[in-house]
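Remarks on the structure that follows.
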Amino acid sequence: MTGVGDLWASLPVPTIVIGPGDEIVDINSAAEGFFNASAKTMVGLPLWDQLAVDAPLENSLARARKNGTPLFVNDVDVGNGQRAPLQCALQISPLMGAPEHMLMMISPRELAGRMTQNHSVKSAAKSAIGMAEMLAHEIKNPLAGITGAAQLLSMNLSQEDLELTDLIVGESRRIVKLLEQVEQFGNLSPPVRNPVNIHDVLDRARRSALLGFGGHMNIIEDYDPSLPLALGDADQLLQVVLNLLKNASEAAGSTGTIRLHSYFEHSFRLRRADGTGQSLPLQIEIIDDGPGLPDGIAGDIFDPFVSGKENGTGLGLALVSKIISDHGGWISVTSVPGRTVFRLSLPRASKPDTTHTNSNEQTKD
Ligand SMILES: Nc1ncnc2c1ncn2[C@@H]1O[C@H](COP(=O)(O)OP(=O)(O)O)[C@@H](O)[C@H]1O
Ligand SMILES: [Mg+2]
C-alpha cells in the first residue's frame with residue numbers, strides 16, 4: 001500500500017482486524033504466533049471464542065466502534081484458551097477506510113509498561129517496605145553510635161589503623177543513606193496537586209543533574225512549547241524526573257545522551273477494567289542511549305529492592321511508580337540496547353485559571 005514493504009506482516013505486535021460482528025477478519029504473523037494458529041484457520045471465527053480476556057470488553061468495543069474512537073485497556077489477562085494468560089495491554093482503534101472494522105493490538109506487559117493505578121504497589125511489596133521502614137528506624141540509632149565510637153577511636157590511632165576506622169565510618173554512612181531512602185519512601189505524603197509547568201520541572205531536573213550525577217551526560221531538550229499545564233505536585237514530579245535521569249546517567253558508560261521529550265497526545269486515556277477512565281494527554285519521555293534494561297529484571301524494575309546494580313537499592317523506580325500512581329498517571333518503559341524510553345503520562349490541569357492569586361482579582365476564563 002505504502003510502497004515501503006509489507007507493514008502488516010512486519011508488525012511485531014500481535015494484531016487482529018475485527019469485523020462488524022466481532023468476527024476475526026485477519027490476523028498478522030505476530031498474532032499467528034500468539035494464537036499458535038494460522039491466519040487461514042482463524043479468519044471468520046468469533047473473536048471472543050478465540051480470545052479469553054478477563055475484562056468485560058464487548059460493550060466497550062461496541063461503543064468504540066459506534067463512536068469511532070480508540071480504546072486502550074491496560075493490564076488485562078489475555079489468553080488463547082491453550083496456554084496460561086499473559087498480562088497485556090490492548091489497543092483498539094477504528095480501521096480507517098473499513099467501516100465498522102476495528103484493529104486490535106495485543107501488547108504483552110513486558111512491552112507495554114505497567115499499570116501504576118491503585119494496585120501498583122502490590123501488597124507483598126508494601127509489607128516488605130513496611131518492614132524495611134521499621135528496620136531502618138531501628139538500625140539508624142545504633143549506627144550513629146557506632147560511627148561516633150569509630151570517630152573517637154580514630155583520634156589516637158596510627159595511620160594504618162585509621163584506614164579501618166575510616167572504613168567503618170564510610171560504610172556506616174552508606175547504610176544510613178540507604179535507610180534514609182527507605183524512610184523517604186514511607187514518608188511520602190499524598191501529592192499536593194496544582195497546575196504545573198512540566199517544562200520548568202524538566203529544566204530544574206536537567207540543571208541539577210548536569211551539576212551532579214549527570215555531569216558526564218549530554219541532556220537534550222525536545223519540548224512541545226504549546227504543552228498545557230499538568231495537574232501535579234511539582235516537588236514530587238521533580239523527584240520522579242531526577243530519579244529517571246539518575247538511572248539513565250548510571251546506565252550510560254563514560255558518556256551518553258539523554259533526550260527529554262514532551263508532547264501532547266489528545267487521545268491517551270487510561271481505561272481500567274472496571275470501566276472508569278482518565279484522560280492523560282501530557283506525555284513526557286526520558287530517552288537514553290545506554291545499554292537498556294538488564295534482561296533478568298526488566299519485568300520487575302518498578303518493584304522495590306529490584307536492582308541491576310551492585311550497590312543499588314532498587315528503590316528509585318518504586319518511588320517513581322508510587323508518585324505517578326498517586327497522581328493518577330501512568331508510567332511505561334520500552335527498552336532495547338541503545339534506546340530506553342521511560343514515558344510518563346499525566347493529567348492536564350483542568351482549567352488554565354485554577355491558579356489563585358493573592359489579590360481579590362477575578363481570573364477570566
Ligand atoms: N535508563 C535505564 N537503563 C538501563 N537500566 C535501567 C534504567 N533505569 C533503570 N534501570 C534498571 O532498573 C534497575 C532499578 O532501578 P531503581 O529502582 O532506580 O534502583 P537502583 O537505581 O537503585 O538500582 C536499575 O538497577 C537498572 O538495572
Ligand atoms: Mg535508581
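If Glu100, Glu160, Glu133, Glu221 are ordered by their accessible area, calculated over protein heavy atoms with a 1.4 Å probe, which sequence runs from highest to lowest? Write out the running numbers ahead of the final one.
Working: Glu100 105, Glu160 145, Glu133 60, Glu221 85 Å².
The most accessible residue leads, giving Glu160, Glu100, Glu221, Glu133.
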task = With a Förster radius of 51 Å, plug the Cβ-Cβ distance of Arg173 and Ser279 into 1/(1 + (r/R0)^6) and report the FRET value to the nearest 0.05.
result = 0.65
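How long is the gain from Lys66 to Glu183 if the chain were fully straight, where each residue apart is worth 0.36 nm and the alpha carbon distance is subtracted? All intermediate terms of the calculation are to be shown ahead of the outcome.
Working: separation 117, 0.36 × 117 = 42.12 nm, distance 4.99 nm.
So the extension gain works out to 37.1 nm.
Lys pairs in the chain, Cα-Cα under 19 Å, at least 8 apart or on separate chains: how many?
Working: Lys122/Lys322; Lys126/Lys322; Lys140/Lys177; Lys177/Lys246; Lys177/Lys309; Lys246/Lys309; Lys246/Lys322; Lys351/Lys364.
So the count of such lysine pairs works out to 8.
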key: Candidate residues His261, His327: accessible-area rank, largest first, probe 1.4 Å   = His261, His327
key: Charge context of Arg207, other residues only, Cβ under 15 angstrom, K/R +1, D/E -1   = 0
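Report in % the part of the accessible area of the stretch 180-221 that belongs to carbon and sulfur, leaving out ligands and nucleic acids; probe 1.4 Å.
On the way: 1040 of 2290 Å².
Heavy-atom surface of the stretch 180-221 belonging to carbon and sulfur, 1.4 Å probe: 45 percent.
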query = Modelled label-to-label distance, Leu45 and Ile220, 7 Å Cα→beta-carbon offset: nm?
reply = 4.5 nm
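Could you tell me what percent of the accessible area of the stretch 233-288 is made up of carbon and sulfur, with a 1.4 Å probe and every protein chain present? Don't skip to the end; give the middle numbers.
Working: 1030 of 2110 Å².
Of all accessible area on the stretch 233-288, carbon and sulfur atoms account for 49 percent.
What is the sum of charges around Asn67, taking Lys and Arg as +1, Asp and Glu as -1, for the other residues whose C-beta is under 14 Å from the C-beta of Asn67? List each step's numbers first, then the result.
On the way: positive: Arg63, Arg65, Lys66, Arg269, Arg271; negative: Glu100.
Once positives and negatives cancel, what remains is +4.
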ask   = Given the options Ile106, Ile297, Ile219, which has the most mean-square fluctuation in a GNM of the chain, springs set between C-alpha atoms less than 10 angstrom apart?
value = Ile297
query = When Lys and Arg each count +1 and Asp and Glu each count -1, what net charge do the other residues less than 15 Å away from Leu95, Cβ to Cβ, add up to?
reply = -2
query = Most mobile of Ser226, Ser158, Ser127 per a Gaussian network model of the chain (Cα springs, under 10 Å)?
reply = Ser158
inquiry  = Taking R0 as 41 Å, what FRET efficiency do you get between Gln151 and Arg269 from their Cβ-Cβ distance, rounded to the nearest 0.05?
reply    = 0.10
Rounded to the nearest 10 Å², the accessible area of Asp6 at probe 1.4 Å = 90 Å²
ask   = Given 0.36 nm per residue, what is the gain on full extension from Val13 to Asp300 after removing their alpha carbon distance, in nm?
value = 101.2 nm
key: Distance between the stretch 204-246 and the stretch 301-352 - C-alpha centres, whole angstrom   = 13 Å
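With each run of n ≥ 4 DSSP H residues scored as -39500 (n - 2.57), what mean residue ellipticity at 222 nm is computed for the chain after dividing by its residue count and rounding to the nearest 500 deg cm²/dmol? The partial results should precede the final answer.
Details: 11 runs with 137 residues, N = 365.
Dividing the helical sum by the residues of the chain leaves -12000 deg cm²/dmol.
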ask   = For Ile146, what accessible area in Å² do you get when you roll a 1.4 Å probe over the heavy atoms of the protein chains, rounding to the nearest 10?
value = 90 Å²
key: Peptides ranked, highest mean first, by Cβ atoms within 10 Å: ranges 305-317, 163-175   = 305-317, 163-175
ask   = Solvent-accessible area per residue for the stretch 207-345 at a 1.4 Å probe radius, Å²?
value = 42 Å²
note = Probe 1.4 Å, all chains present, heavy atoms only: Asp235 accessible area in Å², nearest 10, is 100 Å²
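The values are calculated or read from the model by the stated rules, or taken from the named source; none is laboratory data. Everything numeric here is computed off the predicted structure, so don't read it as measured data. So basically every Cβ, Gly included, is an ideal-geometry build from the backbone, and we count neighbours across all protein chains shown. The accessibility values were calculated without ligands, DNA or RNA, using every heavy atom of the protein model including side chains. Shrake-Rupley method; radii C 1.70, N 1.55, O 1.52, S 1.80 Å.
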